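Written out below as structure tokens is the structure these notes cover.
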Amino acid sequence: MTRRALLLAPAILLAAPAVAQQRAPAPPQGAALTDRDRADLARVEAYLNSLGTLRARFLQLAWNGASAEGTAWIWRPGRMRFEYDPPDPMLLVADAGQFLMYDRDLRAPTTLPVGTTPLGVLLRREVRMSGDITVTAVAREGGFLRVTLFRTREPAEGTLTLVFDAETLQLRQWAVVDPQRRETRVTLSRIETGLRFPAGLFQFNDPRFFEPGGFGAPQGPGN
């Protein structure tokens, strides 16, 4: 992959691996939740579990100042696609339990299990903010609700903060903080939900899969 792709693409999915020569900070700790926090987390769970499809524009800002834009598609459970605008050659797709990172210029694919990434929480069939997910903070500010969490069994991999509109609970942003406390933010705009997508948009074996704009306008599920 190109240097730019290495900086941008993995950060949208997961915390970057710790640098061996550096001593990682202490892992995060769970928050002491109030009744209001628990009520808001229940609302977040209900919203995410009711979310079927979402399409949006995204702006990604990496810890090192690198930025990129593109279009995101989410089809819960299990499917996600991030297509970067040219000239960035990166394509990221989740399907069948795998995340694929693909560099169109180099024709170089890289895969990793969805379950090993903090962002994979969004793609679960049933989202629960407890058990194998530990919530470290629930914050309300400026009309937004922020929920910070990590995978309970992997506290050293970093944290994920989900940002919702406080009233509608529409997902507006997420931020990944890696073990070295480097943050990457992804902000969504022009959000549309309840759309119908062609299944091939997420299927690696579809000949149109790797072509920019190869599917045209969204169509019905199972198309």
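The values are calculated or read from the model by the stated rules, or taken from the named source; none is laboratory data. All figures in this text were calculated on a predicted structure; none of them were measured in a lab. Cβ placement follows ideal geometry from the backbone for every residue including glycine, while neighbour counts extend to all protein chains displayed.
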Residues of segment 101-113 satisfying the condition of being under 30 Å from Thr148 (Cα atoms) and either of a type outside the set (A, V, I, L, M) or touching an Asp or Glu at 6+ places or on another chain (Cβ under 9 Å) (or both): Tyr102, Thr110, Thr111, Pro113
Residue pairs meeting the criteria (Cβ under 6 Å; at least 6 apart or on separate chains; first small (Gly, Ala, Ser), in segment 177-202; second modelled with pLDDT of 90 or more and surrounded by fewer than 19 Cβ atoms within 10 Å (Cβ to Cβ)): Ser189/Arg57
Of the criteria (1) more than 22 Å from Arg172 (Cβ to Cβ); (2) surrounded by 14 or more Cβ atoms within 10 Å (Cβ to Cβ), which one Pro86 fails: (2)
Positions within segment 83-107 being assigned to a strand (DSSP E or B) and touching a Gly at 6+ places or on another chain (Cβ under 6 Å), in sequence order: Glu83, Tyr84
Lone unmet requirement of (1) surrounded by fewer than 20 Cβ atoms within 10 Å (Cβ to Cβ); (2) basic (Lys, Arg); (3) under 25 Å from Val44 (Cα atoms) for Arg107: (3)
Pair list, Cβ < 8 Å and 6+ apart or interchain, from segment 100-117 residues that are among the charged types (D, E, K, R) to residues that are in a loop (DSSP other than H, G, I, E, B): Asp103/Met1; Asp103/Thr2; Asp103/Pro89; Arg104/Pro89; Arg104/Phe210; Arg104/Pro212; Asp105/Thr2; Asp105/Pro89
When residues of segment 165-198 are limited to those that are closer than 19 Å to Leu145 by Cβ and β-branched (Val, Ile, Thr), the one surrounded by the most Cβ atoms within 10 Å (Cβ to Cβ): Val176
Entirely in segment 120-205, the strands (runs of 3 or more DSSP E) that have 1 or more residues that are β-branched (Val, Ile, Thr) and under 18 Å from Ala42 (Cα atoms): 133-141, 144-151, 159-165
